[in-house]
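Take a look at the structure below.
Only the coordinates and a few stated rules stand behind these numbers; no lab work does. Remember, predicted model here, so these are calculated numbers, not experimental data. Positions of Cβ are backbone-derived with ideal geometry, glycine not excepted, and every protein chain shown enters the neighbour counts.
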Amino acid sequence: MNSYYEDHAKDFFEATVYADMGAHYKPFLEKLTKSAHILDAGCGSGRDSLNFINLGYKVTAFDASQKLCSLAQEHIGQEVLHMRFQEMTFEDVFDGIWASASLLHVPSEELTDVLQRLKKALKPTGVLYAGFKYGAFEGERNGRFFHDLTENKAKELFTPLGFTLEKMWITKDVRPERVDELWLNIIAVKS
């Protein structure tokens, strides 16, 4: 991981912590029971973790940036684990995994392994939400590495690993200053 999020943790936190992701939660949460355990994978500011906690879900959160972990921990009022996707060793723990704008920082040559780790972390028929910038770009943009996806690329990645792609949809960025940016939203179920 490059140092972008360590160097810009406070600015990133402030720019994202109040972004309204409510419309994105619905297709994910409707697949979960009220007692579900959610992994917020690459939680950033902790915005989504706090929303899930406030809705009554049990939440485990992690991020690769130590500074963001500290800020998120303070924001959500519980521990945030410091780790990378590539270090996950959970097995059959979570009913749902929320990976909003986080998997897009995993290079294509590492993404299959990461998705297998996520699948292993899910309970049978567990659900994964993933949000990627929409497109075919892979490389550095504005000081960070990005791996964008299209629907076809998502099918090529998720389906052979034993995920059923239940829903994919494209949205504009929820931040008003970035409405020209498109996102691919994915609901995948462990099959």
per DSSP, antiparallel bridges as share of beta bridges in the range 78-191, % nearest 5, sits at 75 percent
For ILE170 and MET21, extending 7 Å from Cα along the Cα-Cβ vector and measuring point to point gives, in nm, a value of 2.2 nm
The longest stretch of the chain containing none of the GluC sites (Glu not before Pro) that sit in a DSSP loop with at most 11 other Cβ atoms within 10 Å is 92-191
Expected unfolding gain across GLN78-ALA136 under the 0.36 nm per residue rule, minus the alpha-carbon gap, is 17.2 nm
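Looking at the chain, I'd like the Rg to Rh ratio, where Rg is from alpha-carbon atoms and Rh is Kirkwood's inverse mean 1/r. Could the numbers behind the result be given before it?
Values: Rg = 15.2 Å, Rh = 16.5 Å.
Taking Rg over the Kirkwood Rh, I get 0.92.
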Links exceeding 27 Å between C-alpha atoms in this model, out of LYS31/LYS172; LYS10/LYS133; LYS67/LYS153; LYS26/LYS120; LYS34/LYS67; LYS58/LYS120, come to LYS67/LYS153; LYS34/LYS67
Bridge orientation stat for the chain from DSSP, antiparallel percent rounded to 5, came to 55 percent
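Based on DSSP H runs of at least 4 residues, each adding -39500 (n - 2.57), what is the mean residue ellipticity at 222 nm of the chain after dividing by all its residues, to the nearest 500 deg cm²/dmol? Could you put the intermediate results ahead of the total?
Details: 7 runs with 61 residues, N = 191.
Counting only the DSSP helices, I get -9000 deg cm²/dmol.
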On each of the three principal axes the extent of the alpha-carbon atoms of the range 51-153, given in whole Å and largest first, is 37, 33, 24
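Hey, what did the range 141-191 get for relative contact order, percent, Cα under 8 Å, at least 6 apart?
Values: 56 pairs, mean separation 17.7, N = 51.
The normalised contact order for the range 141-191 reaches 35 percent.
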Computed over the chain, the relative contact order (Cα-Cα under 8 Å, seq sep at least six) in percent reads 18 percent
The Cα extents of the range 102-149 along the principal axes, largest first and rounded to whole Å, are 37, 18, 16
Correct response: the longest run of the chain lacking exposed chymotrypsin sites (Phe, Trp or Tyr not before Pro), defined by DSSP loop and at most 14 other Cβ within 10 Å, is 19-136
